1. Please state which one of B:52, B:62, B:33 is surrounded by fewer than 21 Cβ atoms within 10 Å (Cβ to Cβ) and closer than 21 Å to residue B:154 by Cβ.
2. All but one of (1) basic (Lys, Arg); (2) surrounded by 19 or more Cβ atoms within 10 Å (Cβ to Cβ); (3) closer than 27 Å to residue A:163 by Cα hold for residue A:37; which doesn't?
3. Of everything in the range B:352-379, what is within 7 Å of another protein chain (Cβ to nearest Cβ), crowded, with 19+ Cβ neighbours inside 10 Å and part of a helix (DSSP H, G or I)? Give them in sequence order.
4. Name the one entry in A:99, A:84, A:58, A:110 that is within 14 Å of chain B (Cβ to nearest Cβ) and at pLDDT 95 or above.
5. May I ask you to list the residues in the range A:116-174 that are among the charged types (D, E, K, R) and outside any helix (DSSP H, G or I)?
6. Somewhere in the range B:356-363, is a residue among the charged types (D, E, K, R), in contact with a Leu (Cβ under 7 Å, 6 or more places away or on another chain) and assigned by TED's automatic domain parsing to the domain that holds residue B:137?
7. Could you tell me whether residue A:46 is part of a strand (DSSP E or B), in contact (Cβ under 8 Å) with a residue 12 or more places away in the chain and under 17 Å from residue A:112 (Cα atoms)?
8. Which of the residues belonging to the range B:145-169 are within 13 Å of the chain's Cα centre (by Cα) and not in a loop (DSSP other than H, G, I, E, B)?
Amino acid sequence: MRGQLREELLRIADMVPAGSRVLDVGCGHGELIGYLKQAKGADARGIELSQSGVNACVAQGLPVVQGDADTDLRDYPPGSFDVVILSQTIQATRRPKDVLDELLRIGRQVIVSFPNFGFWKVRTRIFFSGRMPKTGLLSHDWYETPNIHLCTIADFVVLAEAVGARIERALAVDDGGDVREVTRPGYWDNLMAESAIFQLSREPGPQGPA
Amino acid sequence: MSSAFQPLSAASSVAGDAAGQAFTFPPSQYLPLDSGERLSPLSIAWKTFGRLNADKSNAVLLCHALTGDQYAAGTHPVTGKPGWWSTMVGPGLPIDTNRFHVICSNVIGGCMGSSGPHDTDAATGLPHGLQFPVITIRDMVRAQAMLLDHLGIATLACVAGGSMGGMQALQWAASYPGRVHSVLAIATAARHSAQNIAFHEVGRQAILADPEWNEGKYQALGTNPRKGLAVARMAAHITYLSEAALHRKFGRNLQDRNALSYRFDADFQVESYLRHQGASFVERFDANSYLYITRAMDYFDLAADHGGVLANAFKGTQTRFCVVSFTSDWLFPTTESKKIVHALNAAGANVSFVEFETDRGHDAFLLEVPEMFQTLRGFIDSVAQSRGIR
C-alpha cells in the first residue's frame, strides 16, 4: 500500500514542471512537497487538517497552513499557484464539486487523484458479498470511513465537465502500480484502475467565482 | 520616587553591564511618532544573548508583550525569576543562543530603561507623566530599527514575539520588509479587537480611579496608584488564562481555610492567586507605562495603515512567516491568526500556520508546550539553514 502511494506521488510529481509554485491540499506529513522542493526546485506549500501532519511539516521547515479543503481554499487569490494538488482527498471532502471549483480557481493546473469506485474488485465485492467494499485503498468499514463522496473515473469525468474543466491528462493506476493513459471512452480503465490521476485546467472566466 | 521605578533608573544609568545595555540617542536622532510628535531624546535599553557572527546574519529580534521587558532569558534583575521566554531562548533551546545573536529591547513607553512616561523632562525637571506623547506599535518598531542601525545590524534572521510582541513582529515585516528574513508571530492579531480594547479600558479606568494616580503626576507627589494598577493586572490576568485552566488549577478550592468566611477575605484560591498577581505586578511595573502601552495595542490596526487591506501590508514580501495560535486563547483567538494567514496567502507570502491544542489560554506562548517547541524548533532551524547559519 505504502509503496503504491509513494508511486502515485512520484507520478504526480512527474506532472509538476520544475520551479513551479505548488499547493498540496491535504499534504499529510509533507512527503510530496518535500520531494517537489528538493527534486524539482518547486516553491511548494501545503494545507493539512491534522495537527500531527502540520507539526511534522513545519518541523521540517515546510510551509504548511493548518486548514480544511472544504473551507480554507477560498483564502487564496485566483491563479495564485501554477499547480494545485489534491491527492486521495476529494472523496473525503464534504462538497467535492465546490472544492474542485476552488482548486481550478487558485491553480492554473490542477492534479486530482482518487480511489476509483469502478474498480472491478470494488464491483465484485459488492456484487458477490452484498457488503460495502473494502480494498487496499478503501480499507475502512463503512461506518467509520472518512470517504463520504466516492466516485468512479466516469463520475469524475462528468464532474470535471460540470465545473468547466478541461482534462489535460488522465492516468489509470492498477493495483499492481502500473500506470497507463486513460483512453476514451474509458470503460476498460474504469474497470481495471484502482485509482486515477487527473490533470485539469480551466480558462479563467465567468464559471469560476471571482 | 517609589520603588516601582527604581529598576528603570538603575537600568538606564548603566550601559554594557550584566543588567543589559542602554543608549540615549543624540537630539538630532529623534524618533518621529505616528501622532506627529517627536520623541527626543530617545533612550533604548536592551539585552543580548549569544554572539553576533562575522557576517551579522544570525541576529534575532525578540519583541516583548505588554508587561514584558528586555530580560527574555537569564535571571530578571528585579524579580529574580527566569526571563519571560527562558523556556524558548537559551543554549540548545529552540531559539538557540549558541547559534543566534538574540536582541531584546524594552519598548518605548516601557519602564525598564527605554524612554517612557517616568523619564524626567529636562525642561521641567519633573517626570513626563501624561506629557509623554502617545505611542503606537509602529513607533515601537521604528525605535527598534534605530537601535539596530546603532548596533550596525542591517537584517534580522527572525523577528519573533507573542501577543503585543507578535504585533511588533508583523509591523516589522510591513515596515521593513527588506530587513526581515522571517517572522514568528504567536498568539497575536493584525488589529486589536473591540473586546480587547474594552478590557484595556477597564484596566486603565482602574488606574485612573485610584486617588494616588494624581492625574499621572504620582512620582512627583510621592504617591503610587498601586491598587489601581493591581486591579488592572488582575482583570487582565483573567484574560490571559482560560476557564478550563482556572478550573483545573483552582476549582472552588478554599484558601487557607476549611469553611467560607462570610466576609470579603480571599476565601477562594483563585482570589488569592489574582491578588498575588496584582500585588507582585505593581512591584515591577509603572502605572503610566501601563496606560501608554495598552493604548499602543488598542491603536494597532495594520490593515488600516494600508488602505484597509491587510494583504497590502505584505505586498511582495520575501519574508517567511510562521503564525501560531492556541485553541483556548480567547484574547487572541485562532480566527485572528487566520486573518493574518489569509492576508499573507493573498500576498503570496511563504507562510506556515499552526494551532496548538492546549487549555492554557493566551499565556500558553510563555509556557512549556512541548509540541510547540518541537514545531518552532523546526521552523527556526529551517530559517537558520536558509540564512546559512550553522
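1. B:52
2. Here residue A:37 meets the rest and fails (3).
3. B:375, B:378, B:379
4. Details: A:99 fails: within 14 Å of chain B (Cβ to nearest Cβ); A:58 fails: at pLDDT 95 or above; A:110 fails: within 14 Å of chain B (Cβ to nearest Cβ).
Criteria check complete, one pass: A:84.
5. A:131, A:134, A:141, A:166, A:168, A:169, A:174
6. Within the range B:356-363, one or more residues are among the charged types (D, E, K, R), in contact with a Leu (Cβ under 7 Å, 6 or more places away or on another chain) and assigned by TED's automatic domain parsing to the domain that holds residue B:137.
7. Details: part of a strand (DSSP E or B): yes; in contact (Cβ under 8 Å) with a residue 12 or more places away in the chain: yes; under 17 Å from residue A:112 (Cα atoms): yes.
Judged against the criteria, residue A:46 is a match.
8. Answer for the range B:145-169, where residues must be within 13 Å of the chain's Cα centre (by Cα) and not in a loop (DSSP other than H, G, I, E, B): B:159, B:160, B:161, B:162, B:164, B:165, B:166, B:167, B:168, B:169.
The values are calculated or read from the model by the stated rules, or taken from the named source; none is laboratory data. What you see is a predicted model; the values in this text were computed from it and never measured. No Cβ is skipped: glycine too gets one built from the backbone with ideal geometry, and neighbour counts run over all protein chains shown.
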